[in-house]
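A.B. asks: Here it is, the structure in full.
Please treat every number below as a calculation from the coordinates, not as lab data. Here the structure is a predicted model, which is why all the values come from computation and not from measurement. All Cβ positions, glycine included, derive from the backbone under ideal geometry; neighbour counts span all protein chains shown.
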Amino acid sequence: MDYKATLNLPKTAFPMKANLPKAEPEMLGWWESFGIYKRLRQAAVGRPMWILHDGPPYANGNIHLGTMLNKVLKDIIVKSRSMSGFNAVYVPGWDCHGLPIEHQVDKELGLDKPGIDVRSAMDPVEKRQKCREYALRFIDIQRSSFKRLGVFGDWDNPYVTMEPAYEAVIAREFGRFVGRGLVYKGLKPVHWCMYCRTALAQAEVEYEDQRTPSIWVKFPMTSVPGELQSAIGGRPVFAVIWTTTPWTLPANLAIAVHPAQSYVAVEIAGEVYIVARALLNDFLGLFKEPGHRKEPGHRVLASVDGER
């Protein structure tokens, strides 16, 4: 007996398998032939304008997860604005200037090897042409990928930063700044790449992690808050500080505490230390490190707020 036939299950005409390898090209092809983005613009004529002028990706390789997330989120915003009654326009673009493209071209040409002077290995004009060809190639590749993601936009008319018309607008606007006396020549420290012989953007700077020596120092206290005196008794009391710049200690004039933080008086081997409550475990851990005496017992005598 076919028990499936006895069940009252919902029925649908949708196929049980998505068959995406076949369905995706058909859907994309229909959108392309139907001119769906152009029709959306025509249907929205007369509505309030809402424009998302894309912050462009670099045309220096295939898209990655971060690029995909960026474009999909923007597409959601634009489509939601369109459904909210706006003439929502998405203007895509590509950034074709800077080191990322030049680095990729160097790799393709084998100029990224140690000992090769990239400035003299190729004529600068020829190098610029290679970079332009590389950028154009990946503009087409990325554009195709964005379309496959279902991102709607004016893909036939993007702005490309290396186009002469785009550069001419920048030069014209810069000339207006000069004419208004807003441009001056001065000195400014910048990050510099010794290999590429060019300035680096902040995002292109990589820092090497280093371990630095640090010390804990105890300073004898000449007086203690009144609410601690009874708990401390006549024991010697020290304020504890931690620093990575021990050479500044001779010039120290004061020890600061945070008014909103809590501090504890902890007794160790007959001495009392004033330590931030949040750092107490770190402080006690010092006595477990190699070279220190065996960890003694400790006892928290009292606590006090920094503002006291």
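A.B. asks: Have a look at 93, 105, 250 and report the one farthest towards the positive end of the charge dipole of the chain, computed about the Cα centre with Cβ charges (Lys/Arg +1, Asp/Glu -1).
C.D. replies: The listed residue farthest towards the positive side: 93.
A.B. asks: Then there is this: With each pseudo-label sitting 7 Å past Cα toward Cβ, what's the residue 156-residue 235 distance in nm, one decimal?
C.D. replies: For the pair residue 156/residue 235, the computed spacing is 8.3 nm.
A.B. asks: Suppose the chain between residue 39 and residue 168 were pulled fully straight at 0.36 nm per residue; how much longer would it get relative to their current alpha carbon spacing?
C.D. replies: Stretched fully, the residue 39-residue 168 segment lengthens by 43.3 nm.
A.B. asks: What percent antiparallel are the DSSP beta bridges of the chain, to the nearest 5?
C.D. replies: If we restrict to bridges inside the chain, about 65 percent are antiparallel.
A.B. asks: Taking neighbour counts of Cβ atoms within 10 Å as a proxy for exposure, in what order, fewest first, do 245, 161, 212, 198 appear?
C.D. replies: Working: 245 9, 161 17, 212 6, 198 14.
Fewest to most other Cβ atoms nearby, the residues stand as 212, 245, 198, 161.
A.B. asks: Work out the length of the dipole vector of the chain about its Cα centre, built from +1 on the beta-carbon of each Lys and Arg and -1 on the beta-carbon of each Asp and Glu, and round it to the nearest 20 debye.
C.D. replies: Dipole magnitude for the chain comes out near 760 debye.
A.B. asks: For the range 1-26 and the range 196-237, compute the distance between their C-alpha centroids and round to whole Å.
C.D. replies: The range 1-26 and the range 196-237 have Cα centres spaced 66 Å from each other.
A.B. asks: Okay, moving on. Leaving out same-chain residues fewer than 8 places away, which lysines sit with a Cα under 19 Å from that of residue 113?
C.D. replies: Once the sequence-local lysines are set aside, what remains near residue 113 is 127, 130.
A.B. asks: Nearest 10 degrees, 0 to 90: what angle lies between the long axis of helix 99-109 and the longest principal axis of the chain (Cα atoms)?
C.D. replies: Around 70 degrees separate the two axes.
A.B. asks: Considering Cα pairs under 8 angstrom that are at least six residues apart, work out the relative contact order of the chain and quote it in whole percent.
C.D. replies: Once divided by the residue count of the chain, the mean separation gives 13 percent.
A.B. asks: Lys/Arg Cβ at +1, Asp/Glu Cβ at -1, dipole of the chain taken about the Cα centre: which of 60, 212, 30 is farthest positive-ward?
C.D. replies: Sorting the options by dipole projection puts first 30.
A.B. asks: Run the quick spin-label model on residue 208 and residue 277: label points 7 Å from Cα toward the beta carbon, then report their separation in nm to one decimal.
C.D. replies: About 4.3 nm, to one decimal.
A.B. asks: No other cysteine beta carbon under 4.7 Å away is the test; run it over the chain and list who passes.
C.D. replies: 96, 131
A.B. asks: Here's another thing I want to ask about it. Using r as the Cβ-Cβ distance of residue 64 and residue 20, and R0 as 25 Å, what FRET efficiency do you calculate, to the nearest 0.05?
C.D. replies: My answer for the efficiency is 0.75.
A.B. asks: Taking the Cβ of each residue in 139, 116, 274, 76 as the centre, tally the other Cβ atoms inside 10 Å and list the residues starting with the fewest.
C.D. replies: 76, 116, 139, 274
A.B. asks: Could you list 167, 133 so that the one with the fewest beta carbons within 10 Å of its beta carbon is first and the one with the most is last?
C.D. replies: Lowest to highest Cβ neighbour count: 133, 167.
A.B. asks: Here's something else I'd like to know. Can you tell me which of 85-94, 219-228 comes out highest on packing, and rank the rest after it, using the mean Cβ neighbours within 10 Å?
C.D. replies: 85-94, 219-228
A.B. asks: Specify the angular offset, from 0 to 90 degrees and rounded to the nearest 10, of the alpha carbon long axis of helix 65-83 from the longest principal axis of the alpha carbons in the chain.
C.D. replies: Once rounded, one gets 70 degrees.
A.B. asks: Expressed as a rounded percentage, what relative contact order does the range 30-199 have, with Cα pairs under 8 Å and six or more residues apart? Working shown, then result.
C.D. replies: On the way: 154 pairs, mean separation 46.2, N = 170.
It rounds to 27 percent for the range 30-199.
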